[in-house]
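Data first, discussion second: the structure below is written as structure tokens.
Values quoted throughout were computed directly from the atomic coordinates according to the rules given, and no laboratory measurement underlies them. Owing to the predicted nature of the structure, the values given are computational and were not obtained by experimental measurement. Because the Cβ atoms are built from the backbone with ideal geometry, glycine has one as well, and the counts that use them run over all protein chains shown.
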Amino acid sequence: MRLTTWNVNSIRTRVDRVIAFLERSGTDVLAMQELKCKPEQFPMQAFTDAGYEVALHGLNQWNGVAVASRVGLEDVQIGFGGMPSFGEPLVEEARALGATCDGVTVWSLYVPNGREIDHPHYAYKLEWLDQLKDRAAEWIAAEPEKKIALVGDWNVAPRDTDVWDMAAFEGKTHVTAPERAAFNAFADAGYAEVTRQFTPDAYTYWDYQKLRFPKGEGMRIDFAYASPALAAAVTGAQIDREERKGKGASDHAPVIVDIA
DNA sequence: ATGGTAGTGTTACTA
């Protein structure tokens with residue numbers, strides 16, 4: 001199975017590129033983030049015509065997550081137990097959707113950005129990751145052989161080399177010790193990040209602003225954590241940097257994982 | 001010249 005995660009940054013404006021990518025890459029299961037639409041606005045016909053079923057969750061123009069699959073789609077779950085809410089009034093945002101595809105439970109995750117270190121969104125981000133980690137640990141404790149993929153836009157750069165210049169991130173989110181600890185806690189919970197070993201020096205995101213992509217100033221913030229049973233079946237990973245090029249590109253590249 | 005974008009939807013917010 002070829003599993004891809006991609007923050008598409010609006011599925012409505014990107015649908016032609018996404019369908020072309022599916023066909024070009026041979027992706028069987030696509031986890032998408034930042035749909036930026038409600039369910040009735042999702043371009044379902046394009047996916048159906050391409051041979052994919054889609055489960056999605058979207059509340060408004062922000063966030064939104066989906067799993068598209070051509071190898072089956074069962075047991076769809078919206079959000080996870082204990083998932084924090086945000087805003088006034090408090091809302092359970094559309095940031096997590098799970099579905100089982102050909103024996104692999106795929107979670108499409110859009111981790112809160114955090115905004116600024118002293119912003120409530122930052123505390124929300126840490127709590128969101130902590131709660132997800134606790135549920136993820138429970139899932140493998142209950143079923144040690146279960147194949148679980150936690151994929152998406154984690155909005156954390158776990159290493160200094162995952163940003164172009166640490167000096168530019170002084171006092172900024174994505175690189176702080178608490179965020180990195182929250183990310184690394186998934187490894188302590190038994191999951192293995194399976195993309196870095198195959199693509200050791202690569203970014204997955206380049207801001208639209210300040211010519212970040214042409215200048216090679218990116219970040220590595222999209223990852224795939226695998227449960228032990230799944231990690232043992234992973235045979236490779238790639239980052240499709242070509243997809244970031246040209247007019248109409250998302251600011252994130254697709255991250256591809258191959259599973260035996 | 002030291003900035004530069006993009007998407008949704010509206011006089012802003014998010015990233």
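Here are the numbers for this structure:
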read-out	value
Counting DSSP beta bridges with both ends in chain A, the antiparallel % (nearest 5)	75 percent
Length released on extending from A:Asp207 to A:Lys38, taking residue separation times 0.36 nm less the Cα-Cα span	58.4 nm
Span-rule helices in chain A, defined as complete DSSP H runs reaching 30 Å or more along the axis (Cα) with Kyte mean at least 0.0	none
In the stretch A:187-219, chymotrypsin sites (Phe, Trp or Tyr not before Pro) in a DSSP loop with at most 12 other beta-carbon atoms within 10 Å	A:Tyr208
Within chain A, helix-based [θ] at 222 nm, where runs of 4 or more DSSP H residues each add -39,500 (n - 2.57), nearest 500	-7000 deg cm²/dmol
Stretch gain in nm, segment A:Ala168-A:Ala181, where the contour uses 0.36 nm per residue and the Cα spacing is subtracted	2.6 nm
With at most 15 neighbouring Cβ atoms within 10 Å, loop trypsin sites (Lys or Arg not before Pro) (DSSP) excluded, longest segment of chain A	A:1-114
Under DSSP loop assignment and at most 16 Cβ neighbours within 10 Å, longest GluC sites (Glu not before Pro)-free interval of chain A	A:1-91
Prolate/oblate/rounded label for chain A (Cα gyration tensor, a/c 1.5)	rounded
Length-normalised contact order for chain A - Cα pairs under 8 Å, 6+ apart - percent	19 percent
Whether the stretch A:1-48 is rounded, prolate or oblate, judged on the alpha carbon gyration tensor where a/c under 1.5 counts as rounded	prolate
Whole-Å distance, taken between Cα centres, linking the stretch A:33-82 and the stretch A:157-208	26 Å
Cα gyration tensor category, rounded, prolate or oblate, for the stretch A:1-117 with a/c compared to 1.5	prolate
